[in-house]
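Written below as structure tokens is the structure these notes are about.
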Amino acid sequence: MSRLFITLTILAFLVHAIAPLPARGAEEEFNYDESKVGAYTLPDPLVMQDGTPVTTPMQWHDKRRPELLALFENQVYGHRPPKPTALRFDTESTDDSAVDGRATRKQVRIHGLGGAGDNAAIVLTLYAPNDADGRVPAFVGMHLFDASAAMPVPGKPLEVPVAEKLPGAKLLEVILDRGYAIGTLTAADFCPDDAARFREGVLQQLYPDQTGPPGPEQPGAIATWAWALSRALDYLGTDKAIDPTRVAVIGHSRMGKTALWAGAEDQRFALVISNNSGCGGAALSRRNFGETVARINRAFPHWFCGNFKQYNDRESELPVDQHELVALSAPRPVYVASAVDDGWADPRGEFLAAAGADAVYKLLGVPGLDVTDQPETGKVVGQQIGYHLRVGKHALTDYDWLRYLDFADRHPKPAK
Ligand code: GCU
């Protein structure tokens, strides 16, 4: 073998070894090259569809916010199911010696969701600290932890070493010790995350004549999960341990999309957290980087409303973009977080959506993100809009949770 051949073979191996790993779902057609993103023009959150500029907080609240919400309902997520009029809460179990006596664990079945029959229920699993002085703030989300685990871990230990000490598997204890309750819902209870089965459960009960993927403006799974989070909040308003004016809605990835949409639709959520929510969440749809609208609609036809499919490969025709979803949290605190090795979710697109919401916060008189450049890895930026980019992969980690706890601590609202 010639020396040249050996050198070329080693070179080829090295090039292959150091090439970025294809991200989740990545195939040839997806772009991971910033220089190939292409030009795009974002819709202005402060200009009405008819071209009228929005210059006062009152115009935002009375005109532009409802207009944007309706556009997201009609074109992206679908209209949420109706608000139930006769909800019932059954506490199925209570254990006040959970987490080594630190917490009370409750499982609450939420019935009376409406529609024909009453055969679907949402089950909330809640851990609340025992030594609280009054009502506590809470985090609630979909799939935040395994509700069946004896000692759940609500975030993965970060796999990349960092200088600070992280709680790892003790994350639940840290959240409780810092004075927060945490509750989770599980999709399978009421709207399974499966294109063939998503109607089984509450959607079948509410829309008994419908089959197949969501109709043009019908709720997809994301809208249904977000609506269920509002029902969990309905329950939390009746639980003496919880301060319902300080409930944060939080989610990772598909459930991060859900958290943003829940916060947009239900302004009772006091704080909104999107962890690596990507396409259809915080990432701008118009940026050609990582997952695309066409791919998400193809792979997950049950997530969004039927109308969203019109925008496959035609993102520029969308009447909204995802910075306006972030803006629908305004003026409440909202946090968007990205991970470096999560190209599929487009970390830069997530940052730009947070930045694109800033003008709305400013109009409402509160400090928003306060920076225009994506911060370096590991740096937290922003005031009422928070953002960080961390090392590592697509995951909700203990590192992220510590940032969210600090953010929630910075935004206290007095208990009533
Ligand atoms: C897939 C999907 C993403 C989603 C992710 C997740 O990768 O393409 O949009 O965020 O699953 O929920 O983990």
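Only the coordinates and a few stated rules stand behind these numbers; no lab work does. Worth saying up front: this structure is predicted, and the values here are computed from it rather than measured. Positions of Cβ are generated from backbone atoms using ideal geometry, with glycine treated the same way; all protein chains shown enter the neighbour counts.
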Please compute the alpha carbon radius of gyration of region 156-296, then divide it by the globular-protein estimate 2.2 N^0.38 Å. Two decimals is fine.
1.19
Find the Cα radius of gyration of region 58-410, compare it with 2.2 N^0.38 Å by division, and give the number to two decimals.
0.93
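Sort 116-123, 147-154 by packing, meaning the average of other beta carbons within 10 Å per residue, with the highest value first.
Descending packing order for the listed peptides: 116-123, 147-154.
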Where nothing but the Cβ of Lys and Arg (+1) and of Asp and Glu (-1) is charged, how large is the charge dipole of region 58-410 around its Cα centre, in debye to the nearest 20?
360
Just the Cα atoms of region 235-351, one point each, no solvent: what log10 I(q)/I(0) does Debye give at q = 0.19, 0.22 Å⁻¹?
-0.96, -1.20
Taking the Cα of residue 165, stepping 7 Å toward and past its beta carbon, and measuring to each backbone N in region 375-416: which are under 16 Å?
399, 402
Per DSSP H run of n ≥ 4, the term is -39500 (n - 2.57); total these for the chain, divide by its residue number, and report the mean residue ellipticity at 222 nm rounded to 500 deg cm²/dmol.
-7500 deg cm²/dmol
Exposure proxy check on 230, 316, 35: fewest-to-most Cβ neighbours within 10 Å is 35, 316, 230
Note to self: C-alpha centroids of region 369-416 and region 281-353 sit apart, in Å, by 19
Computed lengthening from residue 240 to residue 61, 0.36 nm per intervening residue step minus Cα-Cα distance:
61.3 nm
Compute the orientation-averaged projected area for region 123-222 from the convex hull of its Cα atoms and round it to one decimal in nm².
9.5
Any idea what the dipole of region 266-416 comes to, in debye rounded to 20, about its Cα centre with Lys/Arg Cβ at +1 and Asp/Glu Cβ at -1?
360
Cα-projected label distance for residue 29 with residue 294, points at 7 Å along beta-carbon direction, nm:
0.5
Based on alpha-carbon centroids, what's the gap between region 162-177 and region 214-258 in Å, whole number please?
25
Choose one of 207, 141, 111: the residue whose Cα lies farthest towards the positive end of the charge dipole of region 87-221 (beta-carbon charges +1 Lys, Arg; -1 Asp, Glu; about the Cα centre).
141
Within region 58-410, percent of DSSP bridges classed antiparallel, to nearest 5:
45
Can you give the FRET efficiency for residue 372 and residue 44, using 1/(1 + (r/R0)^6), R0 = 22 Å, r = Cβ-Cβ distance, to the nearest 0.05?
0.85
Region 274-343: C-alpha pair distances exceeding 19 Å, %
35
Zone reached by a paramagnetic label modelled 7 Å from residue 96 Cα along Cα→Cβ, restricted to region 225-252 with backbone N below 15 Å, covers 240-242
Mind checking which of 365, 251, 381 is farthest towards the positive end of the chain's charge dipole, using Cβ charges of +1 (Lys, Arg) and -1 (Asp, Glu) about the Cα centre?
365
Starting from the Cα gyration tensor of region 351-416, multiply each eigenvalue by 5, take the square root, and state the resulting semi-axes largest first in whole Å.
21, 18, 8
Give the cross-link partners of residue 63 among the lysines, using a straight C-alpha distance below 19 Å as the criterion and excluding same-chain residues fewer than 8 apart.
362
Write down the Kirkwood hydrodynamic radius of region 208-263, to one decimal in angstroms, obtained as one divided by the mean of 1/r over all alpha carbon pairs.
12.7
